[in-house]
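The values are calculated or read from the model by the stated rules, or taken from the named source; none is laboratory data. Just so we're clear, the structure is a prediction, and the values are computed from it rather than from any experiment. Glycine also receives a Cβ, built like all others from the backbone with ideal geometry; neighbour counts cover every protein chain displayed. In case anyone asks, the SASA skips ligands and DNA or RNA and just uses the protein heavy atoms, side chains included. Shrake-Rupley method; radii C 1.70, N 1.55, O 1.52, S 1.80 Å.
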Amino acid sequence: MREEYNFEEIENKWQSIWKSENVFSVKEDPGRKKYYCLEMYPYPSGKIHMGHVRNYAIGDVISRFKTMSGFNVLHPIGWDALGLPAENAAIKHGVHPKEWTLDNIAYMKKQLQRMGFNYDWSREVSTCLPEYYRWCQWIFLKLFEKEQAFRKKSWVNWCPSCSTVLANEQVISGLCWRCDAEADQKQMEQWYLKITDYAEELLSGHSRLSSWPEHVLAMQRNWIGKSTGAHVTFPVVGSSQTVEVFTTRIDTIFGATFLVLSPEHPLSADLIGDSADRDSHMAWIKRKIEEQRLSRDEGEAEKEGIDTGKKAVNPFTGEDIPIWIANYILMDYGTGAVMAVPAHDERDFEFAGKYGLSIRVVITPDGMVPKKEPEEATEAYGRLIQSGRFTGKSSRSAMEEMALFAEEQGFGSKSTLFRLRDWGISRQRYWGTPIPVIYCKDCGIVGVPYEELPVQLPSDVELKGEEGSPLARNESFVHTACPKCGGPARRETDTMDTFVDSSWYFFRYCSPGETGLPFQPEAAKYWMPVDLYIGGVEHAILHLIYSRYFCKVLRDLGLTDRDEPFPHYLPQGMVIKDGSAMSKSKGNVVDPDEMIRKYGADTLRIFILFASPPEKEFAWNEKGIEGSFRFLNRIWSFFQENADLFNEYEFNAAEGSEADETVRGLRTKMHQTIRNVTVDIDKRFHLNTAISSIMELLNRMKADRDCLRTSEMGRSALREAMEILIRMLSPFAPHLCEELWQKLGHQQILVHGEWPAFNPELAREETVTVVVQVNGKLRDKFEVERGTAEEEVKSRALKLERIQQILVGRTVRKVICIQDKLVNIVA
C-alpha cells in the first residue's frame, strides 16, 4: 500500500531529529577546510516575510551543499534587535521595547525553524542583550582612546517623524531611509566615528572584492568620492584674508574669471560686512542656507548669486577677479569655494551667462579651433591656450606641472579629497546601545571604565515619542559619579546608531560565549572572513561600508588579521507582489506560515528558489507554488512506485553494456545533471536552473522506467539515479529527501553524506560546430562541447591559425559570440 506525501508529519519528524542530535552545530577543526555562509540577520519585527524566506533559503542550500562537499560549515543566525520600531511599538501598544522584541524573536525563531534552515542555533546573538552591546561600548571606548571617536557641534540630518538624527547615508533623496519623512537640518552636539581615516583603504580594498557585483562597488566608489587635484590659495584684495579652493582641473585656472563661495562659507558673511546692501545680502544668505539644507542636490535649483563687491587675486594670472556667493556651491564638499571657469564648466557657464561675467577659453580639444564667444562650456581635456608659460601643453601634463609650480611658489599643492564624511552615531532614542561616556565639570569627558561595562539601559524609562532622548528624562540613569575624581557627573543620554551593532556581529558568531573580548581572535582566525555574504543591495552603502570599516578598526585593535570581512557578496533581489516589493504598509504581504500549512516548507523553498536567479526580482504567483507542490508529489510517488528496487541485493554500479542504449542514456543524463547542478550551486548560484536540471532528470527516469525495470542492469542504473537525485535535491527540499533516504535503507543523516561526483567522460555533452567570421565574412569553423563558456569559445576562435593570419596588421575591436553557433571578430 502506497503512503501519501504527508509533508507536515515528515517535516516535524526531521526538524525534531536535527534539533535533538545537534546536526548543525559546528566547532573549529584545523584539519578541515571551513566555509562561513551568512545571510544578513533580520530585525525582529514580528513575523518573517517572503523576502526573509528567499534570503535564508539561498544560504541554506549553499550551506548544505558545502557540508556535503566536505567543508566544516558555519551557518549562524541572530537578531538586529535594537532600533526605533521597537520603541514606536512600545509607545503605541504600551509594552516595553525589550518585551516586544524578545516576544518577536521567539515567534520568528519558530518560523525559521519551521522552514528547516540549518542554522547553528547555539551561536545565536541578539544585539539588544547587554552581553552583546557591552562589546559595542568596548569598541567605542577603544576608538575614543585613539581619538577616533569624538564629539563636535555640527549641522545634522534630523527626521521630525522619528525624532532622531540620521547619518548622511540614511538620507535618501532628501527623505528618511526608515519612514520616508522629509529630513530637516539641525545643529547639535554629536558623537562621530572617524571613518574618513579609512577612506583611501575603503576604496583601494575594492581590488580584493573581485567577487562583488560591479554596480555595488560603483555605488561605494561614488559615495566615498575620491577626487585628485590641487588646493590653490587666492588672496583677497586689500585684506589679509584668503580663499582656498580645491580643483580637479588646475589646467583651466587661467580661465578662472571669478570665485564662488557657498552661502555657508565662513567668509561669506565677512566679505559683505561693509556692503551697503549688507542686510538684504545676509537675509539672502540665510535663506539659501536653509534651502540648501533641505535639498543637498546643488544642481536642483535655479542658480542664484550675489556679488560681494570684493576681489581676489588669481595667483597664476595676477589679475583681480570678483568674489561671488552662489547657491550652487555646497559647503560639505571641498572647501566650500570654487574657482569659476565658465568656458570649461557647465554650471559656471550658466551662472556667468546669467550675471554677465567674463568667459575665457583656455583649453582647446585637439583639432578644434576655439571660439572667442563660446556657445557652451567645453569640459573635455585638450591643449592649453592663453595660459602663459603652460600654453601648448596637454591637459594631463599641465595639471602635474601647474600643481608643482603652485607648490614651489607657495600658493598651492597637489591634494586628494573624499566625499565621505565622518559617521555621526548619536541617536536621541531609548532602544539603542548607550554611549559609554560621562561628563564631569572638572574632568571633562571621561570614558566609562571597562570594568563597569556594560552601561545598561534602565527599564523604568517613560516613552512618549517626544523630541529629545528619553534617557535624559531618567534621573537615576543620568546622575552618576565621575570615575576620575568621584565628583558629581552626568551620563551621555544619546544611544548609538544601530548600524554600529550590525557592523561587527559576524565576528561575534565565531565565539558568541566569549566574555573577555568581543570575540576570540583564534576562533575568528579560523572562521573569518565570511566566504559568502547574502543580502539586499539596498545595504551597499550603509551596512556594507560600515562593516568594512569596522573590520579594519578591529584589525588595528589587534583582534583580527583580516582586512575585508566579505570577499564574496551576493545581493538577492526583492520579492514582488502586485507590482511592488512586499511590505506591511502596502498590504501585499504573503504569510509564509499559511503557505507552509497549505503546501509544506519544502514546497515553499523549492518555489521561491525556482522562480528566478537569486540576484533577480521574484514575482510572487501562487499558481507557481502549486506547481512546486506537484513536483515534490511526483518525486514521492515515483519512489513509492519503485521502492521494491531497494529490496533486492546490493546493486552493482558498473558502467553497463554499450548495447543498452537506455541504460547508457540515463547514466549520461545523470552525470550531466550532477555536473550542472554542482556548477549552478557552487559557481553560478543559479539555484533555479539547478532545480530545473533535477526536474529534467526525474522526467528522464520516469520516461525510461518501464524499459529499465526489464533488466538487472537497468534496475541497477535506476536505483543509482534515484539515490543521486535525492542527494542533489536534499539542499532544496531537505525534509522530503531525508525521509526518502531513510526509506531507501540508509542510516546516516543525508546532510552528513557526500555530494555525488560526476564522471567527466560520461558527462561529456554532444559537440556543436561554431563558425568564425571576421567582419561578417565566414573564415573558419571548429567543434566545441555544447554550452561551452563564451570566453573559452572566443579564446579558441582567436587562436585558430587561419584567423591569426587574417588578423595580422589589424586591431581587434570587438568579439561577438552567439553561444553554440557563431563568433564574429570585428577588426
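Within segment 258-276, can one find any residue that is more than 27 Å from R421 (Cβ to Cβ), touching a helix residue (DSSP H, G or I) at 6+ places or on another chain (Cβ under 9 Å) and surrounded by fewer than 19 Cβ atoms within 10 Å (Cβ to Cβ)? Show your work before the answer.
At the first step, the residues of segment 258-276 found to be more than 27 Å from R421 (Cβ to Cβ) are 258, 272-276.
Pick out the ones that are also touching a helix residue (DSSP H, G or I) at 6+ places or on another chain (Cβ under 9 Å) and you get 258, 272, 275.
Now drop any that are not surrounded by fewer than 19 Cβ atoms within 10 Å (Cβ to Cβ), which leaves 275.
Checked against the condition, which is being more than 27 Å from R421 (Cβ to Cβ), touching a helix residue (DSSP H, G or I) at 6+ places or on another chain (Cβ under 9 Å) and surrounded by fewer than 19 Cβ atoms within 10 Å (Cβ to Cβ), segment 258-276 yields at least one hit.
Kindly establish whether G334 is in a loop (DSSP other than H, G, I, E, B), under 18 Å from L261 (Cα atoms) and not hydrophobic (A, V, I, L, M, F, W, C). Please lay out each step first, then the result.
Details: in a loop (DSSP other than H, G, I, E, B): yes; under 18 Å from L261 (Cα atoms): yes; not hydrophobic (A, V, I, L, M, F, W, C): yes.
It is true that G334 is in a loop (DSSP other than H, G, I, E, B), under 18 Å from L261 (Cα atoms) and not hydrophobic (A, V, I, L, M, F, W, C).
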Notebook entry, point to check: Since E400 meets every condition but one in (1) open to solvent by 40 Å² or more (accessible area, probe 1.4 Å); (2) free of Cβ contacts under 8 Å to residues at least 60 places away in the same chain; (3) more than 13 Å from T252 (Cα to Cα), which condition does it not meet?
Noted result: (3)
Notebook entry, point to check: Which one is modelled with the highest pLDDT, of the residues in segment 534-552 that are hydrophobic (A, V, I, L, M, F, W, C) and over 13 Å from F506 (Cα atoms)?
Noted result: I545
Item checked: Selection count where residues are closer than 18 Å to D80 by Cα and open to solvent by 10 Å² or more (accessible area, probe 1.4 Å), scope segment 514-540 -> 3
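Limited to segment 746-790, what total is found for residues that are open to solvent by 70 Å² or more (accessible area, probe 1.4 Å), over 25 Å from L666 (Cα atoms) and either modelled with pLDDT of 90 or more or over 35 Å from the mean Cα position of the chain (by Cα) (or both)?
Just the residues of segment 746-790 that are open to solvent by 70 Å² or more (accessible area, probe 1.4 Å), to begin with: 747-748, 752, 754, 757-758, 760-761, 764, 766-767, 775, 777-779, 781, 783, 786, 790.
Okay, now just the ones that are also over 25 Å from L666 (Cα atoms), so 747-748, 752, 775, 777-779, 781, 790.
Still in the running and either modelled with pLDDT of 90 or more or over 35 Å from the mean Cα position of the chain (by Cα) (or both): 747-748, 752, 775, 777-779, 781.
The total comes to 8.
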Check: If you check every pair at least six apart or on different chains, which have Cβ atoms under 6 Å apart with a residue in segment 498-518 that is among the acidic types (D, E) first and a residue that is open to solvent by 10 Å² or more (accessible area, probe 1.4 Å) second?
Finding: E514/Q520
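Conditions tested, residue by residue: (1) of a type outside the set (S, T, N, Q); (2) part of a loop (DSSP other than H, G, I, E, B); (3) in contact (Cβ under 8 Å) with a residue 60 or more places away in the chain.
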{"site": "C162", "(1), (2), (3)": "yes, yes, yes"}
{"site": "Q185", "(1), (2), (3)": "no, no, yes"}
{"site": "Y198", "(1), (2), (3)": "yes, no, yes"}
{"site": "E201", "(1), (2), (3)": "yes, no, yes"}
{"site": "V216", "(1), (2), (3)": "yes, no, yes"}
{"site": "R221", "(1), (2), (3)": "yes, no, no"}
{"site": "H231", "(1), (2), (3)": "yes, no, yes"}
{"site": "F234", "(1), (2), (3)": "yes, no, yes"}
Next item on the list: Out of A343, A377, A352, report the one residue that is outside any loop (DSSP other than H, G, I, E, B), more than 24 Å from L271 (Cα to Cα) and within 42 Å of the chain's Cα centre (by Cα).
Entry: A343
Item checked: Tally of residues being of a type in the set (K, R) and surrounded by fewer than 17 Cβ atoms within 10 Å (Cβ to Cβ) across segment 218-257 -> 2
Next item on the list: Among the numbered conditions (1) within 30 Å of H215 (Cβ to Cβ); (2) at pLDDT 95 or above, tell me where F618 comes up short.
Entry: (2)
Check: Any residue at all in segment 281-297 that is modelled with pLDDT under 95, out of contact with any strand residue (DSSP E or B) (no Cβ under 6 Å at 6 or more places or on another chain), in a loop (DSSP other than H, G, I, E, B) and open to solvent by 40 Å² or more (accessible area, probe 1.4 Å)?
Finding: yes
Margin query: I need every pair where a residue in segment 799-826 that is on the phi > 0 side of the Ramachandran plot has its Cβ under 9 Å from the Cβ of a residue that is in a helix (DSSP H, G or I), sequence separation at least 6 or different chains.
Written below: D820/V793
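Can you tell me which of S16, S63 is among the small types (G, A, S), open to solvent by less than 10 Å² (accessible area, probe 1.4 Å) and either in a helix (DSSP H, G or I) or farther than 21 Å from V125 by Cβ (or both)? I'd like the intermediate steps shown before the answer.
Working: S16 fails: open to solvent by less than 10 Å² (accessible area, probe 1.4 Å).
The conditions single out S63.
Looking only at segment 706-741, how many residues end up being under 21 Å from E4 (Cα atoms) and either in a helix (DSSP H, G or I) or small (G, A, S) (or both)?
Within segment 706-741, the first condition is being under 21 Å from E4 (Cα atoms), and the residues that meet it are 722-723, 725-726, 729-730, 732-741.
Within this subset, residues satisfying the condition of being either in a helix (DSSP H, G or I) or small (G, A, S) (or both) are 722-723, 725-726, 729-730, 733-741.
Of the residues in segment 706-741, 15 are under 21 Å from E4 (Cα atoms) and either in a helix (DSSP H, G or I) or small (G, A, S) (or both).
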Notebook entry, point to check: Tell me, which residue of segment 491-541 that is acidic (D, E) and more than 23 Å from W121 (Cα to Cα) is nearest to the chain's Cα centre (by Cα)?
Noted result: E538
Check: In segment 96-143, which residues are under 20 Å from V448 (Cα atoms), in a helix (DSSP H, G or I) and open to solvent by less than 50 Å² (accessible area, probe 1.4 Å)?
Finding: P130, Y132, Y133, W135, C136, Q137, W138, I139, F140, L141, L143
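State whether one or more residues within segment 381-392 are of a type in the set (F, W, Y), more than 26 Å from F351 (Cα to Cα), open to solvent by less than 30 Å² (accessible area, probe 1.4 Å) and in a strand (DSSP E or B). Lay out the reasoning, then the answer.
To start, the set of residues in segment 381-392 that are of a type in the set (F, W, Y) comprises 381, 390.
The next check asks that each one be more than 26 Å from F351 (Cα to Cα); those that pass are 390.
Still in the running and open to solvent by less than 30 Å² (accessible area, probe 1.4 Å): 390.
Right, trim to in a strand (DSSP E or B) and you get none.
Checking segment 381-392: not a single residue is of a type in the set (F, W, Y), more than 26 Å from F351 (Cα to Cα), open to solvent by less than 30 Å² (accessible area, probe 1.4 Å) and in a strand (DSSP E or B).
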Next item on the list: Among the numbered conditions (1) farther than 30 Å from S204 by Cβ; (2) at pLDDT 95 or above; (3) under 45 Å from the mean Cα position of the chain (by Cα); (4) outside any helix (DSSP H, G or I), tell me where F254 comes up short.
Entry: (4)
Next item on the list: Could you give me the residue pairs with C-beta distances under 7 Å whose first residue belongs to segment 359-374 and is surrounded by fewer than 13 Cβ atoms within 10 Å (Cβ to Cβ), whose second residue is of a type in the set (K, R) wherever it lies, and which are 6+ apart or on separate chains?
Entry: D366/R383
